[in-house]
Amino acid sequence: MRKTPYRIVIAVCMIASAVLAAAQFDRKPGLWEVTAKMTWKQLPAGKSGHGGASPPMNAPHTTQVCLTQEMIDKYGGPILQTHNNDCQVSNMHRTANSMTADWNCNGRMKGKGTIEYSWTDENQVSGKIHFVGTMQLGESDARPVEWTNESTSIYKGPDCGDAKPGEVK
């Protein structure tokens, strides 16, 4: 099975985690490090894991995402994007230390998800995205998927270094 669809989902979740983490609390521009672990309940192949266990590609991934002040001013953070900008956040509800929202996708990945984030200070955010839908693997081959992505985002500082805004590094 091709790994490309999995990589797309993982990249989307990393950006989503950083977007929502950075955009909510104190809206600090700069470098955010996101560590996320994705657990598949239903793989695109129709199997629920390898013998009940998560596939090896579900090991925690750490990435760096750059958030600019312009993104904060214009959008509240980077725009949550997927390939071809096909997922949107809606019904966002914020409190002093949490955020929930719906996540709707209508592209290569179609379906609905829920987003939950909470933080104890302006430098660290914990989050969870749960998604149920289908993933397009070929022109006429859409397979059911269900996954959960749990993440921790940590503010590293105002200098993004080599990380470019909105890009997973």
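The values are calculated or read from the model by the stated rules, or taken from the named source; none is laboratory data. Just so it is clear, the model here is predicted, and its values are computed rather than measured. Ideal geometry is used to build each Cβ from the backbone, glycine not excepted, and the neighbour counts take in all protein chains shown.
When residue 109 is tested against (1) among the hydrophobic types (A, V, I, L, M, F, W, C); (2) in contact with a Leu (Cβ under 8 Å, 6 or more places away or on another chain); (3) at pLDDT 85 or above, just one condition goes unmet, and that condition is (2). Residues of the range 69-98 being at pLDDT below 85, under 30 Å from residue 143 (Cα atoms) and not in a helix (DSSP H, G or I), which ones? Within the range 69-98, 78, 79, 80, 81, 82, 86, 87, 88, 89, 92 qualify.
Here is a yes/no grid of residues against (1) hydroxyl-bearing (Ser, Thr, Tyr); (2) touching a Lys or Arg at 6+ places or on another chain (Cβ under 7 Å); (3) free of Cβ contacts under 8 Å to residues at least 12 places away in the same chain; (4) surrounded by 14 or more Cβ atoms within 10 Å (Cβ to Cβ):
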| residue | (1), (2), (3), (4) |
| --- | --- |
| 125 | no, no, no, yes |
| 132 | no, yes, no, yes |
| 141 | no, no, yes, no |
| 163 | no, yes, no, yes |
